[in-house]
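A.B. asks: Okay, handing you the structure first.
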Amino acid sequence: MDAKYHHYKGYIGVVEYSNEDSIFHGKILDIEDLVTFEAESLAETEKLFEDTVDDYLETCKELGKEFKK
């Protein structure tokens with residue numbers, strides 16, 4: 001499977017399937033932090049990506065950290 005990309009609030013996420021783990025692994029691209037998520041199906045990845053971005057933004061806000069797009 002080729003990589004799948006999601007876009008949300010100016011952020012880009014990439015999702016790839018791991019045959020070894022039988023799971024979809026995703027991460028937010030182009031940020032200084034490593035922020036990842038996992039899903040059992042491709043259909044779940046878009047919602048999980050959006051939730052992950054929202055969590056990342058909330059965490060940055062709580063820590064007083066400037067987030068970058």
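The values are calculated or read from the model by the stated rules, or taken from the named source; none is laboratory data. Just so it is clear, the model here is predicted, and its values are computed rather than measured. Positions of Cβ are backbone-derived with ideal geometry, glycine not excepted, and every protein chain shown enters the neighbour counts.
A.B. asks: Consider only pairs whose beta carbons are under 9 Å apart and that are at least six residues apart or on different chains; among these, list those whose first residue lies in the stretch 50-69 and is among the acidic types (Asp, Glu) and surrounded by 11 or more Cβ atoms within 10 Å (Cβ to Cβ) and whose second residue is modelled with pLDDT of 90 or more and assigned to a loop (DSSP other than H, G, I, E, B).
C.D. replies: GLU50/LYS9; ASP54/LYS9; ASP55/VAL35
A.B. asks: Just to verify a result, which residue in the stretch 22-49, among those that are free of Cβ contacts under 8 Å to residues at least 24 places away in the same chain and under 13 Å from ILE12 (Cβ atoms), is surrounded by the fewest Cβ atoms within 10 Å (Cβ to Cβ)?
C.D. replies: LEU29
A.B. asks: Additional query: Under 8 Å by Cβ, and 6 or more places apart or on different chains, what pairs join a residue from the stretch 1-12 that is surrounded by fewer than 16 Cβ atoms within 10 Å (Cβ to Cβ) and of a type outside the set (A, V, I, L, M) with one that is in a strand (DSSP E or B) and modelled with pLDDT of 95 or more?
C.D. replies: That search, which allows pairs on different chains as well, returns TYR5/ILE12; TYR5/GLY13; TYR5/VAL14; TYR5/VAL15; HIS7/GLY13.
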